[in-house]
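Asker: Handing you this structure, nothing more for now.
The values are calculated or read from the model by the stated rules, or taken from the named source; none is laboratory data. Quick caveat: nothing in here was measured; it's all calculated off a predicted structure. As a convention, Cβ positions derive from the backbone with ideal geometry for all residues, glycine included, and neighbour counts pool all protein chains shown. We work out accessible area using only protein heavy atoms, side chains counted, and drop any ligands, DNA or RNA first. Shrake-Rupley method; radii C 1.70, N 1.55, O 1.52, S 1.80 Å.
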Amino acid sequence: MRKIPFDKAKLEEIAARWPTPFHIYDAKAIRENAKRLKKAFAWNKGFREYFAVKAAPNPHLMKLLKEFGFGSDCSSMAELVLSEKVGNVGEAIMFTSNDTPADEFRKAWELGAIINLDDITHWDWLLESVGNPDAAEFENRVMCCRYNPGPLKGGNAIIGKPEEAKYGFTREQLFECYAKMKAAGVKRFGIHTMVASNELDPEYIIDTAKLLFELAAEISAVTGIDFEF
């Protein structure tokens, strides 16, 4: 059992000062875990952690994690604005949204975020939302698609089954969308998947990575694009 970093008297002192209910965050523990995560992936010079803002949309936590180079994983206007306010802009933002209003795509575009499309229809909607940019405007932008592996991956009790989820492209749709993006002038690409939350089995994560690397290689061979991540 984990021990909290203060005693009952300290808790009563805090409650006397701040209205309840409240959240207390352990900044020391967060910093230590951020260091551990960075150390674990230090072998990969291109590694960057993106903190899911929706998990705790608190600018103080976001600033703390920014000290360690963490970016912002955003899915809404509010999260984009929070990220901008704490100084995470450009490729420090990864924007993934399922049912996206035009103004959110425009905001992500204005901030220079990595835009991670969630659906085959999102490509045309993005173009329309941001004013049909020409090839020059795509020159240095990173575009990404979210893959749903369907029955190729099992889920868990928390997230359910991927094939029943509304999120992400089918395999065939990925090839179609990356070809369209290349034709529009996109030169920088990523590929993404998220098939289970709170999964603690390392073999599940390894299997997912293998599946994604193999798919990226196939898409590259067919479309002639290179993936940055």
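Asker: Go ahead and set up a Gaussian network model of the chain, Cα springs under 10 Å, then flag whichever of 202, 133, 21 fluctuates most.
Answerer: Looking only at 202, 133, 21, the largest GNM fluctuation is found for 21.
Asker: Looking only at 114, 24, 206, which one moves most when the chain is put into a Gaussian network model with springs between Cα atoms under 10 Å?
Answerer: Result: 24 has the largest fluctuation of those listed.
Asker: Right, here's the next one. Report the paramagnetic label zone for residue 110: residues of segment 78-104 whose backbone N is under 14 Å from a point 7 Å from Cα along the Cα-to-Cβ axis.
Answerer: In segment 78-104, the label zone of residue 110 (backbone N under 14 Å from the point 7 Å along Cα→Cβ) covers 78-85, 90, 102-104.
Asker: Another question, if that's okay. Got a sec? What order do 22, 175 fall in by accessible area at 1.4 Å, biggest, i.e. largest, first?
Answerer: Final ranking, largest accessible area leading: 22, 175.
Asker: Probe 1.4 Å, all protein chains in place: accessible area of residue 18 in Å², nearest 10?
Answerer: Here the accessible area works out near 130 Å².
Asker: Of the residues 55, 27, 102, which exhibits the maximal mean-square fluctuation in a Gaussian network model of the chain defined by a 10 Å Cα contact cut-off?
Answerer: The residue with the greatest mean-square fluctuation here is 55.
Asker: Can you pull the percent of the chain's accessible area that's carbon plus sulfur, 1.4 Å probe, other chains left in place?
Answerer: Carbon and sulfur: 56 percent of the exposed surface of the chain.
Asker: Still on this structure, please answer the following. Among the trypsin sites (Lys or Arg not before Pro) in segment 20-82, which ones are in a DSSP loop with at most 14 other Cβ atoms within 10 Å of the Cβ? Mind listing them?
Answerer: Listed in order of number, the matching sites are 45, 48.
Asker: Which one, [x] 1.14; [y] 1.22; [z] 1.09, gives Cα Rg over 2.2 N^0.38 Å as derived from the coordinates shown?
Answerer: The calculated read-out lines up with [x].
Asker: Here is a further query. Please go through the residue pairs 35/107; 39/187; 3/66; 54/180; 3/210 and name each one whose alpha carbons sit more than 28 Å apart in this structure.
Answerer: Table pairs above 28 Å Cα-Cα are 35/107; 39/187; 54/180; 3/210.
Asker: Another question about this same structure. Of the GluC sites (Glu not before Pro) in segment 44-103, which ones lie in a loop per DSSP and count no more than 11 other C-beta atoms within 10 Å?
Answerer: When the GluC sites (Glu not before Pro) of segment 44-103 are filtered for loop state and at most 11 Cβ neighbours within 10 Å, 67 remain.
Asker: Which value in nm describes the separation of the simple spin-label points at residue 81 and residue 43, placed 7 Å from the Cα toward the beta carbon?
Answerer: Label at residue 81, label at residue 43, 4.3 nm between them.
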